[in-house]
Amino acid sequence: MLCLVNLICWTIFLVLRPSHGVTEENNQDVCQEERYSDELLGTWSTGQEFDLEMKDINETFICLLYPTNLLNCSWSFLTEEEDTQLSVTISICDGNTTVQSPSYSSVERVGSRTFTQQQLNNLHVMLQFNMSWPDKWKVYSYKYDNEMLEFLPPPTNVSATVTNGSLVVEWALPHGQSRPTCYEYQLDLGDQEAPRHLGAQLSYTELSADPTHTYRVRIRMRRNSGCIGSAQWGEWSPTVTVEQPCRLNILLMVTLSFGIPMILLAVLLLMRQQRLSTLLFPPIPRPPSKYMHFLEKGDTFSFPHPALPSKTEEEITKVEVTEENPETFKSMDMIKTHSNL
């Protein structure tokens, strides 16, 4: 019976031991620890501690401080086992002083927390994830300094113009940012293509800009791998719209000048097709039907000739007034007889 009681007590001790280890980790004042920023420390229930790189783990997490003084910490632990118990502690520090240290137990494996943050002279954040199982536990802790937390504002003075057929975009560093070589950029032209990835430059030229396209230009930035700070892309700048006047080239203008009248002419001719065929192909003259019989026989000398009108003889009456004389009447009778013949 005593052996059974000892066995039960030992089992309870083994079950509670991981939770106790996690609790001890949570109760430590992490703001007083001497830690480097961008340093990931892993602690196992076996007592081992490892300095890790983000690429060494499958889990992802990040904290960002936005220009509106909102601090957001998010995480994704989907690669862990289904029975993983996850708790999160977010310690906000001003130097070695803990300003706020909320702890969340049994959180979802994908989640986030947001805080309204006051201005601090030496702000840094200690993010701690406690993962526990029935027989073991593991802790990840990571330190963010002010530069690692900063969510970069967008570039300023963004301008876009079309010059000599090319789109020229220019911008400047946000206020308070220095060392232009530390930043890289993403440029979105609103042309349904992937944003252009640019290096440490403050201008970009798109050759042969489409004169019919309206460009909607925006840009964002992040720190490159050569400088300390967050590698997250910052906020997009306000969109700058570039509307180009429609410029027709000479060839297009000539084509329109001659093409449109020709099309109208073709339409007009089609509408008057019958008259057009008559003008272009007039009918061949044909002889009258009464001559067709002789033309078919080939006898060109048998054509009937129209009868000439008869010549009308003029009747001349000559009257001579003389004295009554038998000879005179005789002469008049002879003339009348001759005329009747």
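Rolling a 1.4 Å probe over the heavy atoms of the protein chains gives the range 79-237 an accessible area of 50 Å² per residue.
Counting Lys and Arg as +1 and Asp and Glu as -1 over every other residue whose Cβ lies under 15 Å from the Cβ of TYR66, the net charge comes to 0. Surface composition of the range 130-226: carbon and sulfur make up 45 percent of the accessible area, probe 1.4 Å. Near VAL99, the amide H atoms lying under 5 Å from its own belong to ILE92, CYS93, ASP94; only residues 5 or more places off or on other chains count, and H is placed 1.01 Å from N. Rounded to two decimal places and with Rh computed the Kirkwood way over Cα pairs, what is Rg over Rh for the range 30-79? Radius of gyration over Kirkwood radius for the range 30-79 works out to 1.02.
In this view, the solvent-accessible surface of ASP38, computed with a 1.4 Å probe and all protein chains in place, comes to about 90 Å². In terms of its C-alpha gyration tensor, the range 179-236 comes out prolate, because a/c is 1.5 or above and the ratio a/b outweighs b/c. Phi angles across the range 208-214 convert, under the Karplus curve 6.51 cos²θ - 1.76 cosθ + 1.60 with θ = phi - 60°, into 3J(HN,Hα) values of 6, 5, 6, x, 9, 9, 9 Hz, Gly and Pro given as x. Histogrammed with a bin width of 10 Å, the alpha carbon distances of the range 120-208 distribute as 13, 30, 22, 17, 12, 5, 1, 0 percent, first bin at zero. For ARG179, the solvent-accessible surface with a 1.4 Å probe is about 150 Å², rounded to the nearest 10.
The values are calculated or read from the model by the stated rules, or taken from the named source; none is laboratory data. Model, not experiment: these values are computed from the prediction. Neighbour counts run over all protein chains shown; Cβ positions are idealised from the backbone, glycine included. Only protein heavy atoms, including side chains, enter the accessible area calculation; ligands, DNA and RNA are left aside. Shrake-Rupley method; radii C 1.70, N 1.55, O 1.52, S 1.80 Å.
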